[in-house]
There are 2 protein chains.
Amino acid sequence: MQRIESHACFGGTQEVWQHRSGVLGCEMRYGIYLPPQAARGDCPVLYWLSGLTCSEQNFITKAGAQRYAAEHGVIIVAPDTSPRGEGVADADSYDLGQGAGFYLNATQSPWAAHYRMYDYVVEELPALVDAHFPTTTARAVSGHSMGGHGALVVALRNPGRYRSVSAFSPIVAPTRVPWGHKAFGAYLGLDAESWREWDACELIIGSQPGAEKLSLLVDQGEDDEFLDSQLQPTRLQAACEAAGHPLELRMRAGHDHSYYFIASFIGEHVAHHAAALRG
Amino acid sequence: MQRIESHACFGGTQEVWQHRSGVLGCEMRYGIYLPPQAARGDCPVLYWLSGLTCSEQNFITKAGAQRYAAEHGVIIVAPDTSPRGEGVADADSYDLGQGAGFYLNATQSPWAAHYRMYDYVVEELPALVDAHFPTTTARAVSGHSMGGHGALVVALRNPGRYRSVSAFSPIVAPTRVPWGHKAFGAYLGLDAESWREWDACELIIGSQPGAEKLSLLVDQGEDDEFLDSQLQPTRLQAACEAAGHPLELRMRAGHDHSYYFIASFIGEHVAHHAAALRG
């Protein structure tokens, strides 16, 4: 594992590391912000999952999260959004292939060989981070758009693994919208039954009555250009009401799908996670 | 003048506008952050001048200044760093031509036709901004690297025009370093005497004893990769000491030349300017 960037930032360090992923079968990069507290002891980790077209760079350069991570003593790990490289299948499209891994394990050719972002984000990357950095076992997860879908799905599928989960503008029901139809059809095949385990609303509706119900925090811009076509947060609301799953959905007047929206509220999300991670 | 971007951000709006610049003879873009206070009344304006290779996008997407502008009720205007477009002279180089206007008025062919960033930043752009947005007459200026040079030079050349000036990692003595030699030689010609009016240290040393001496606030990373070769802040220190010009130079341990450095301290700079702008 090789450190390819290191920048002092708000008393800590914003780093970018590159490593060979066995799960994905390619070189991968991730950003990690180490707050000042990490120089003195172990810190909890917030995993951030980015949206379509993003690399590990977008969140670390645009969200302004380091200030809040430094304030609360939280490490933030921001992986890339798909396997990458010449030997990795791709599509001539922003919403399929490289930059669009959808945080699932693909079953269909040619994607199945490398597209296992779920295993990477849930298993391989945390093991790597825990082995190399001063982390506690307390983890949280958040993300934006496709990464909001990813955050909800990894938290819902792994009770007890994350202390808290939040999302900005998540794709809450990929089985019902064009982005999900395209990606799931390619990665998982045409049997839509197999899609359900990667859909936050389906996971909530299908959960056991006695199962742990981790509270969901979701921020959504009311002027988001993808609100009606791809995001449809009312589906999440309906699913949570039907299943008795706790949800705080905050509709934000005037806000769009951009990083200006994330920057405006990332401080509240980091504070939310920090409280859960300390608890 | 046409608005090409508008994003809700920290209770205000981050916008990007495009207009025809008569001074530069081309279409230009600038970012403007309107804090929530601008919806209710006039606000002072901080002009931000970016560094080599930047467009109007870098500062507005990476510095995280909107939070502080919203807190203090300051408008921030961030222009592009040079004239642009097919009819505008360029060089196959990151530090000359488009993206590298150096905030001066070029006198040499082929640059003189369009490269008048000094007049644009000091005259045309503020007039345009004042005509279209709810501004007071109170102005401040700041910038990074080449834009730090620009901020110091426009403030030093225009006593009374700016209430305050600050810079991150500025090129304080362009007549003495490779970036300046290359740019000034091309834009101003080989008579180095003509370079002096565009060099902050020379302006300070050459100032009249009784002239207004606007205090300079400068932040500089100690691990900046351009510290010794291009920036040389000790020259600024020596010039200010010789001329009795007030300077606060803050050397920041561990910090480099990146936006992670700017993001870490832009809040202090905005607060500094806000205090002067209110005064």
* Structure fact -> Result for interface chain B to chain A, accessible surface buried in total, 1.4 Å probe, Å² to 100, stands at 1700 Å²
* So how many Å³ per residue does the convex hull of the Cα atoms of segment A:107-147 work out to? -> 89 Å³
* Determine the dipole magnitude for the protein assembly as shown: charges of +1 sit on the beta-carbon of Lys and Arg, -1 on that of Asp and Glu, nothing else is charged, the reference point is the Cα centre, and the result goes in debye to the nearest 20. => 1000 debye
* Asked: Per residue and in Å³, how big is the convex hull formed by the alpha-carbon atoms of chain A?
  -> 115 Å³
* For segment A:209-264, what is the accessible area per residue in Å² when the probe is 1.4 Å? -> 44 Å²
* Structure fact -> quick note, the protein assembly as shown, DSSP beta bridge pairs, % antiparallel (nearest 5) is 50 percent
* Only Cα pairs under 8 Å and at least 6 apart count here; give the relative contact order of segment A:135-279 as a rounded whole percent. => 26 percent
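Please work out whether segment A:55-170 counts as rounded, prolate or oblate from its C-alpha gyration tensor, where a ≥ b ≥ c are the square roots of the eigenvalues and a/c under 1.5 means rounded, while otherwise a/b larger than b/c means prolate and anything else oblate? Show your work: numbers first, answer last.
Numbers: a/c = 1.76, a/b = 1.54, b/c = 1.14.
It comes out prolate by the Cα gyration axes.
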* Asked: Given only helices, namely DSSP H runs of n ≥ 4 each adding -39500 (n - 2.57), what is the per-residue ellipticity at 222 nm of the protein assembly as shown, to the nearest 500 deg cm²/dmol?
  -> -8500 deg cm²/dmol
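In whole percent, what relative contact order does chain B give with Cα contacts below 8 Å and a gap of six or more residues?
17 percent
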* Taking the Cα atoms of segment B:118-271 alone, what are Rg (to one decimal) and Dmax (as a whole number) in Å? -> 15.4, 43
* Mind jotting down the three principal axis lengths of segment A:117-185 based on Cα atoms? Whole angstrom, largest first. => 41, 21, 19
* Do me a favour and compute the ellipsoid semi-axes for the protein assembly as shown from its Cα gyration tensor, root of five times each eigenvalue, largest one first, whole Å. => 46, 23, 23
* Asked: Ratio of Rg to Rh for segment B:65-104, alpha carbon only, Kirkwood?
  -> 1.22
* Asked: So what does the Cα-only Debye profile of segment B:162-253 read at q = 0.16, 0.23 Å⁻¹, as log10 I(q)/I(0), no solvent term?
  -> -0.67, -1.20
* Once you have the Kirkwood Rh of segment A:24-101 from its Cα pairs, apply Stokes-Einstein at 10 °C and 1.306 mPa s and quote D in µm²/s. => 117 µm²/s
* **Between segment A:108-133 and segment B:107-122, the Cα center-to-center distance that results, in Å** => 52 Å
* Asked: In segment B:239-279, which residues give up 10 Å² or more of accessible area once the other protein chains are added, compared with their chain alone (1.4 Å probe)?
  -> B:254, B:255, B:256, B:260, B:263, B:264
* Given a 1.4 Å probe, how much area per residue of segment A:1-91 is accessible, in Å²? -> 34 Å²
* Asked: Distances from residue B:194 to the same residue in each other copy, label points 7 Å out along Cα→Cβ, in nm, shortest first?
  -> 7.1
* To do: Note the distances from residue B:161 to each other copy's matching label point, with points 7 Å along the Cα-to-beta-carbon direction, in nm, sorted shortest first.
  => 5.9
* For segment A:1-131, diffusion coefficient by Stokes-Einstein and Kirkwood Rh (Cα), 37 °C, 0.692 mPa s, µm²/s -> 218 µm²/s
* Asked: Using the C-alpha atoms of segment A:8-47, what convex hull volume per residue, in cubic angstrom, is computed?
  -> 86 Å³
* Using the heavy atoms of the protein chains alone and a 1.4 angstrom probe, what is the accessible area of segment B:123-189 per residue in square angstrom? -> 26 Å²
* **Residue of chain B nearest the B-to-A rotation axis [by Cβ], rounded angstrom distance** => B:64, 2
* Shielded residues, segment B:1-27 - accessible-area loss of 40 Å² or more between chain alone and all protein chains, probe 1.4 Å -> B:7, B:8, B:10
* Which percent of the accessible area of chain A is formed by carbon and sulfur heavy atoms (probe 1.4 angstrom)? -> 48 percent
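What do you get when you divide the Cα radius of gyration of segment B:211-258 by 2.2 N^0.38 Å, with N the number of residues?
On the way: Rg = 11.7 Å, N = 48, 2.2 N^0.38 = 9.6 Å.
So the Cα radius of gyration is 1.22 times the expected 2.2 N^0.38 Å.
The values are calculated or read from the model by the stated rules, or taken from the named source; none is laboratory data. What you see is a predicted model; the values in this text were computed from it and never measured. Positions of Cβ are generated from backbone atoms using ideal geometry, with glycine treated the same way; all protein chains shown enter the neighbour counts. Calculation scope for accessible area: heavy atoms of the full protein, side chains included, ligands and nucleic acids excluded. Shrake-Rupley method; radii C 1.70, N 1.55, O 1.52, S 1.80 Å.
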